[in-house]
Amino acid sequence: AHVFEVLSQRYEDVEIMLADYNGHVTYATDQAEVDMDLVALMPDGLSMQVVDKALKQGEEGGGVITFHGRPSFMEATAVFNEPTCHHCHGSSREILGVLVMVQDASDKFAAFKLMEMRMGGISLAGLLLLLGFLFLFMKKNVLNRVKNISRAAGEVAAGDFEAHLNVPGMDELAE
């Protein structure tokens, strides 16, 4: 129990729980969680799947879960019944329990969200800059040339058959 107290002081954003083979918490960094069932502490499906695999199959696993209303990283590791444990626990069970570690990841998710917003802003600024350059290109290379042709056509329509039409370039408009 003393080890869990030291861990709770050293790692404030981490909760560690040691549960027996029934999922009943026997030791925890948060004393309020002692004598509770992991099912009550971790109601989401993913965390209980990971805990069940650790308890029944000895598989280590983890994932991102919501714990106490905050996004958290969770890992569960089976506590195997080693021969050195047989004098207290006997040898009938292969797995004695599970060690569950949960770390608050809300600061990491907030940093990710901030980075996502910054990247979105940079992308939007880049798009607006690209559209601005595209507009200037269209104005210079298409609209100004069409206006020049329209001006010359207006002069011809007004009776000036000597109107000069100069459209620079090597495309259909210039021909």
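The values are calculated or read from the model by the stated rules, or taken from the named source; none is laboratory data. On a predicted model such as this, the values are computed, not experimentally measured, just so you know. Here the Cβ is made from the backbone with ideal geometry for all residues, glycine too, and neighbour counts use every protein chain on show. What goes into the accessible areas is simple: the full protein's heavy atoms, side chains included, and nothing from ligands, DNA or RNA. Shrake-Rupley method; radii C 1.70, N 1.55, O 1.52, S 1.80 Å.
Numbers below:
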{"item": "Answer residue from segment 3-23, given it is open to solvent by 100 Å² or more (accessible area, probe 1.4 Å) and within 28 Å of the chain's Cα centre (by Cα) and is farthest from Phe73 (Cα to Cα) among those", "result": "Arg10"}
{"item": "Those residues of segment 82-102 which are open to solvent by 20 Å² or more (accessible area, probe 1.4 Å) and closer than 16 Å to Asn22 by Cβ, in sequence order", "result": "His89, Gly90, Ser92, Arg93, Glu94, Leu96, Leu99"}
{"item": "Evaluation of Ala19 against (1) of a type in the set (A, V, I, L, M, F, W, C); (2) under 18 Å from Leu96 (Cα atoms); (3) without any contact (Cβ under 8 Å) to a residue 24 or more places away in the chain (one fails), failing number", "result": "(3)"}
{"item": "Residue selected from segment 105-149 under the condition of a type in the set (Gly, Ala, Ser) and without any contact (Cβ under 8 Å) to a residue 12 or more places away in the chain, by the criterion farthest from Asp13 (Cα to Cα)", "result": "Gly132"}
{"item": "Top-ranked residue of segment 29-57 - restricted to ones that are open to solvent by less than 60 Å² (accessible area, probe 1.4 Å) and among the small types (Gly, Ala, Ser), ranked as nearest to Ser106 (Cα to Cα)", "result": "Ser47"}
{"item": "Residue in segment 103-158 that is surrounded by the fewest Cβ atoms within 10 Å (Cβ to Cβ), counting only those that are within 30 Å of Ser47 (Cα to Cα) and among the polar types (S, T, N, Q)", "result": "Ser106"}
{"item": "Failed item, numbered, when Thr26 is tested on (1) open to solvent by less than 100 Å² (accessible area, probe 1.4 Å); (2) within 23 Å of Phe109 (Cα to Cα)", "result": "(2)"}
